[in-house]
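J.: This structure is in structure tokens; I'll ask about it shortly.
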């Protein structure tokens, strides 16, 4: 009998560490994002009480240094202002969870206002394959949702 797979709390440092590992080892993302050269920030907002308590903050996220199909580094942030990025994607914990679970596509989430994009939206849209591979990588992280 095999032991159950370790799961990482959505949005935690360990979760992002695993996500970066998945991104960097994912041939689909590596190829689709080969021309991408900008950091992005992912921000989870409107955290449910149990999640706020876990993080000790009103919101949490990460700044990701994306460059030619790899993530060179990341930093946990509580606000988008902590570490500037040309593109900031933010959404409530619940809406980010829906995207992470594949219940709603990121394109639909952005178009319906469930996720907000600040910055170069044209660049994001013109790199749709990279964005799709990025989201597919999120789905590959063994995730525990606290709410």
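J.: If we scan region 94-106, do we find a residue that is farther than 19 Å from residue 144 by Cα and modelled with pLDDT under 95?
T.: Residues of region 94-106 that are farther than 19 Å from residue 144 by Cα, as a first pass: 105-106.
Restricting the remaining residues to those that are modelled with pLDDT under 95 gives 105-106.
So far as region 94-106 goes, yes, one or more of its residues are farther than 19 Å from residue 144 by Cα and modelled with pLDDT under 95.
J.: Just checking, how many residues over region 123-144 are closer than 15 Å to residue 18 by Cβ and either in a helix (DSSP H, G or I) or in contact with a strand residue (DSSP E or B) (Cβ under 8 Å, 6 or more places away or on another chain) (or both)?
T.: Result for region 123-144: 9.
The values are calculated or read from the model by the stated rules, or taken from the named source; none is laboratory data. Treat the numbers as computed from the prediction; the structure is a model and nothing was measured. All Cβ positions, even for glycine, are placed from backbone atoms using ideal geometry, and neighbour counts span all protein chains on display.
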